Amino acid sequence: MTDYARGAGIAQGVMTRNLFDLGDFNRRRDPGLGLVQQKPDLQDRRAHPTYLTHKGRGVVGAYRRAADAY
């Protein structure tokens, strides 16, 4: 989480909330956007890398196509 937050130039707590909102459930356990998924790291139990879901890859692809067309 720290690396993502540092790369975006925001606080770690803000990044955590944003990633929850992009996942299956937001921080209030309401349905999220389902664009990312966190999976436990088998080598480091404290780590939970974040990956794009199929839906998330579709959104990123659409964004890239729109940016390329612009």
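Overview of values
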{"item": "Sole exception among (1) hydrophobic (A, V, I, L, M, F, W, C); (2) surrounded by 10 or more Cβ atoms within 10 Å (Cβ to Cβ); (3) outside any loop (DSSP other than H, G, I, E, B) for Ala67, by number", "result": "(2)"}
{"item": "Residues satisfying the stated conditions in region 42-59, i.e. open to solvent by 50 Å² or more (accessible area, probe 1.4 Å) and of a type outside the set (D, E, K, R)", "result": "Leu42, Gln43, His48, Tyr51, Leu52, His54, Val59"}
{"item": "Cβ pairs under 9 Å, 6+ apart, first in region 43-70 and closer than 17 Å to Phe20 by Cα, second open to solvent by 60 Å² or more (accessible area, probe 1.4 Å) and among the aromatic types (Phe, Trp, Tyr)", "result": "Thr50/Tyr4"}
{"item": "Count - residues of region 9-41 that are open to solvent by less than 70 Å² (accessible area, probe 1.4 Å) and of a type in the set (Lys, Arg)", "result": "0"}
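The values are calculated or read from the model by the stated rules, or taken from the named source; none is laboratory data. Please read these numbers as outputs of a predicted model, since none were measured by experiment. Cβ atoms come from the backbone with ideal geometry, glycine included; neighbour counts cover every protein chain shown. Accessible surface is based on the protein model in full, side chains and every heavy atom, while ligands, DNA and RNA are left aside. Shrake-Rupley method; radii C 1.70, N 1.55, O 1.52, S 1.80 Å.
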